[in-house]
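A.B. asks: Below is a structure I'd like to ask you about.
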Amino acid sequence: MISIGILECGRNLERWLPEHGGFADWFPPLLAQADDDCAFRVYAAIDGELPQDPRLCDAWLLTGSPASVYEDRPWQQGLTRFVQQAVGLRPVVGICYGHQHLHAALGGRVGLHESWGVGIHAYAIQTMPEWLPPEMAVQSAEGLRMIALHRDQVVEPAPGTTVLAANDHCPLAITNIGANVLTIQAHPEMTRAQAAEIYRHHYHDIGPAAAQEAIDSLPGALDAALAAHWIIGFIRARLAARDHQGDAA
């Protein structure tokens, strides 16, 4: 069994919790599509709750957040210190905000884009990862379609970055940073219903035309299960490499 520590970097709106749950709640059902032999521990990083040791779990996952990395609040500084230690010991995955935070923590830079990334986006493969199981690589050849929700994005990648998938709006959409970090700008874990709620909530921030186009895109095909296989494939490959080399624990 793989133990995955979820570092929750934001809170869902109170009125959405009964129907949609919190940010960390979305990942166990997502990843179960690829591997139902996972255990999860949740840490409220947004409240400064962080593990005492990166070796407490086999892998770590940073969630999305309404926050911006460059706000650099105390909880974000603590998270940076933790992930800088964790990446040398365990596989680490970042989703949306987590993607951005990992790049910033490891030497990259995040900035405000001129337009929002919303709706279902298709990301074309730039580099097929060697750790992806062959059958998943075949399924991934035409790219991945995922729900997008961001205006911030990585503008300078961290040193050692390999771009795995991209589109015109987001040239650094899926990346490896070195051997132990996988980052995804989009939201494979988010449901269509939750995305629609958020797009309506930010209707005027996004812009009415763009927000409505994003909502109208949501019935389209998604590759959430395929993205789950990417995440689990990465984690399992890195754990196997660690076991082969000898665990630092």
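The values are calculated or read from the model by the stated rules, or taken from the named source; none is laboratory data. These numbers come from a predicted model, not from an experiment. Cβ placement follows ideal geometry from the backbone for every residue including glycine, while neighbour counts extend to all protein chains displayed.
A.B. asks: Which strands (runs of 3 or more DSSP E) does segment 1-100 wholly contain that include 2 or more residues that are of a type outside the set (Val, Ile, Thr) and buried (at least 22 other Cβ atoms within 10 Å of the Cβ)?
C.D. replies: 2-7, 59-62
A.B. asks: In this structure, does Gly119 turn out to be within 28 Å of Cys57 (Cβ to Cβ) and crowded, with 17+ Cβ neighbours inside 10 Å?
C.D. replies: So Gly119 fails the test.
A.B. asks: How many residues does segment 10-57 hold that are over 17 Å from the mean Cα position of the chain (by Cα) and in contact (Cβ under 8 Å) with a residue 24 or more places away in the chain?
C.D. replies: Of the residues in that region, 16 qualify.
A.B. asks: If you don't mind, another one. Picking from Met146, Met128, which residue would you name as being touching a helix residue (DSSP H, G or I) at 6+ places or on another chain (Cβ under 7 Å) and farther than 23 Å from Gly22 by Cα?
C.D. replies: Every option except Met128 fails the conditions.
Every residue, every condition in (1) more than 17 Å from Arg151 (Cα to Cα); (2) in contact with an Asp or Glu (Cβ under 7 Å, 6 or more places away or on another chain); (3) without any contact (Cβ under 8 Å) to a residue 24 or more places away in the chain, yes or no:
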{"residue": "Ile174", "(1), (2), (3)": "no, no, no"}
{"residue": "Asn180", "(1), (2), (3)": "yes, no, no"}
{"residue": "Gln194", "(1), (2), (3)": "yes, no, no"}
{"residue": "His204", "(1), (2), (3)": "no, no, yes"}
{"residue": "Gly207", "(1), (2), (3)": "no, no, no"}
{"residue": "Leu218", "(1), (2), (3)": "yes, no, no"}
{"residue": "Ala225", "(1), (2), (3)": "yes, no, no"}
{"residue": "Ile232", "(1), (2), (3)": "yes, yes, no"}
{"residue": "Ala237", "(1), (2), (3)": "yes, no, no"}
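A.B. asks: Report yes if Leu30 is closer than 15 Å to Ala228 by Cα and of a type outside the set (Asp, Glu), otherwise no.
C.D. replies: Yes, satisfied.
A.B. asks: Another question, if that's okay. Looking at Gly64, Gly94, Gly88 in this structure, which one is at pLDDT 95 or above and over 22 Å from Ala240 (Cα atoms)?
C.D. replies: Gly64
A.B. asks: In addition: Please work out which residue is farthest from the chain's Cα centre (by Cα), limiting yourself to segment 60-99 and to residues that are closer than 18 Å to Ala158 by Cα and hydroxyl-bearing (Ser, Thr, Tyr).
C.D. replies: Tyr70
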